[in-house]
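As structure tokens, the structure follows; a few thoughts come after it.
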Amino acid sequence: MTEGEVPPAGGGAPEADPTVGLGFETRAIHAGQAPDPSTGAIVTPIYQTSTFAQPEVGSLQAYEYSRSGNPTRTALEACLADLEGTTHGAAFASGLAAEDAVFRCLEPGDHVIVGNELYGGTYRLLDRVHSLTGLEFTPVALDDPERIQAAWRPTTRMVWLETPSNPQLRVTDIASVAAMAHGRDALVVVDNTFATPYLQRPVDHGADVVVHSTTKYLGGHSDVVGGFVATSNEALADRIAFLQNATGAVPGPFDCYLVLRGIKTLAVRMDRHCENAAAVADALAGHPAVERIYFPGLPGHPGHDTATTQMRAFGGMVSFTVRGGEAAAIAVANSTRLFTLAESLGAVESLVDHPYRMTHASLVNSPLAVDPALLRLSVGLELGTDLIDDLCQALEAVPA
Ligand SMILES: Cc1ncc(COP(=O)(O)O)c(C=O)c1O
């Protein structure tokens, strides 16, 4: 195979994997990560090489060129595909690169139904990149089957959803959307970035493809940008692997190592993220400066019942609107001391984001624009009471 050819679909779990049937925490540490055969190293080495020696012209070997395949990347692909319950996984240089590969599987003229709450970059990718080559899309409230039905076209090939969504943490019933889509021969893609496979496995509810920004909880330490596509659909997996090599948006070996290392502690981190977020949501729910709170763990959240059935726990993200509108929200975001004002989410340190001006700025003037009074919290692993104290002092910036 030459470096220009299509490698085999990335990431199937190795045969006779000793972790088959074991628990999530065990597989997160061991799946795809047997001790290195050449040295016995228990941590998958960072194979920091662009190319691999070939014994003779035309010989078939597992690795030839690191865009096509690299052993550190293979370990990540095997591990995360295993955790998502899929047979194939492909790692990308960013979440958006992973999304781009999925949209490239469609044809000009195909139509995508997307949730009406979406990461701003996903909307931008559809609106300003794929629309230009003929892909059509319609944002729809996915909790309403009649609206999905009304938006459906003969050319609809895909339903794309985030659950919980970014930034208002709307919850979509994956199984009911999958039942509708499969009855019409369309694929269901779930962006599982906010939940991670520890809290939710979309394929168990009928999804065909799972995408991730591994930059977030999977990496978990704000030190790497990455993306992932997981699927058990063979034809799609082949196409994604082809695109991974042909378009070349691959993560380097060191980035793969960082994500692999993050995944090893995912379960314990998520438990604490969920615990801290629930405590923060409870504290904010009773605060006079808070107008509305969005957290699927609260019984009043419209997606609470669905979240209870399809998630293990409610996640580490909490969003809320501040009384006093945008100016008050910005004053709060500028006044936190522990919550750092920054884009991104899902790492050990707590972050605050003003979606309207930051992560979702590309939605301003679109039908998906977010409330300027909204703040989004990525609740980290600091002591929960310290985080609540910080938010309470910051909320004092809101005029009474
Ligand atoms: C839900 C979601 N999906 C995808 C992405 C894009 O990921 P990346 O920034 O790794 O390209 C993000 C980024 O914030 C996100 O929040």
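The values are calculated or read from the model by the stated rules, or taken from the named source; none is laboratory data. All figures in this text were calculated on a predicted structure; none of them were measured in a lab. Cβ sites come from the backbone with ideal geometry, for glycine too, and all protein chains shown count toward neighbours. Side chains included, ligands, DNA and RNA excluded: accessible areas come from the protein's heavy atoms. Shrake-Rupley method; radii C 1.70, N 1.55, O 1.52, S 1.80 Å.
Some notes on this structure:
- The range 222-250 - residue that is away from the ligand (no atom under 15 Å from the Cβ) and part of a loop (DSSP other than H, G, I, E, B) and, of those, farthest from HIS273 (Cα to Cα): GLY248
- Sole exception among (1) closer than 30 Å to ARG128 by Cβ; (2) more than 15 Å from the ligand (Cβ to nearest atom); (3) open to solvent by 30 Å² or more (accessible area, probe 1.4 Å) for GLY303, by number: (3)
- Whichever residue in the range 208-221 is small (Gly, Ala, Ser) and open to solvent by less than 10 Å² (accessible area, probe 1.4 Å) and, among such residues, is nearest to the ligand (Cβ to nearest atom): GLY219
- Unmet requirement for ASP173, which otherwise passes all of (1) closer than 24 Å to LEU80 by Cα; (2) within 16 Å of the ligand (Cβ to nearest atom); (3) open to solvent by 10 Å² or more (accessible area, probe 1.4 Å): (2)
- Comparison of ARG201, ARG184 shows that the only residue that is buried (at least 24 other Cβ atoms within 10 Å of the Cβ), within 26 Å of THR156 (Cα to Cα) and away from the ligand (no atom under 16 Å from the Cβ) is ARG201.
- Residue check, THR385 within 19 Å of SER165 (Cβ to Cβ), out of contact with any Leu (no Cβ under 6 Å at 6 or more places or on another chain) and open to solvent by 10 Å² or more (accessible area, probe 1.4 Å): no
Yes or no, residue by residue, for (1) hydroxyl-bearing (Ser, Thr, Tyr); (2) touching a helix residue (DSSP H, G or I) at 6+ places or on another chain (Cβ under 9 Å); (3) over 29 Å from PRO139 (Cβ atoms):
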position: GLU162; (1), (2), (3): no, yes, no
position: LEU187; (1), (2), (3): no, yes, no
position: ASP191; (1), (2), (3): no, yes, no
position: ALA207; (1), (2), (3): no, yes, no
position: GLY220; (1), (2), (3): no, yes, yes
position: SER232; (1), (2), (3): yes, yes, no
position: ILE240; (1), (2), (3): no, yes, no
position: THR247; (1), (2), (3): yes, yes, no
position: VAL250; (1), (2), (3): no, yes, yes
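- Among the candidates HIS130, HIS88, residue that is in contact with a helix residue (DSSP H, G or I) (Cβ under 9 Å, 6 or more places away or on another chain) and away from the ligand (no atom under 16 Å from the Cβ): HIS88
- Selection of the range 260-303 for residues being in contact with a helix residue (DSSP H, G or I) (Cβ under 7 Å, 6 or more places away or on another chain) and part of a loop (DSSP other than H, G, I, E, B) yields HIS287, ALA289, PHE295, PRO296, GLY297, LEU298.
- In the range 91-127, the qualifying residues are those that are within 12 Å of the ligand (Cβ to nearest atom) and assigned to a loop (DSSP other than H, G, I, E, B), and the one that is most open to solvent (accessible area, probe 1.4 Å) is TYR119.
- Only listed residue being part of a helix (DSSP H, G or I), among the polar types (S, T, N, Q) and modelled with pLDDT of 95 or more, chosen from THR72, THR44, THR86: THR72
- The range 334-358, residues that are away from the ligand (no atom under 16 Å from the Cβ), surrounded by fewer than 21 Cβ atoms within 10 Å (Cβ to Cβ) and either polar (S, T, N, Q) or over 30 Å from PRO197 (Cα atoms) (or both): ASN334, SER335, ARG337
- Any hit, the range 134-151, residues being within 16 Å of the ligand (Cβ to nearest atom), over 21 Å from HIS301 (Cα atoms) and surrounded by 18 or more Cβ atoms within 10 Å (Cβ to Cβ): yes
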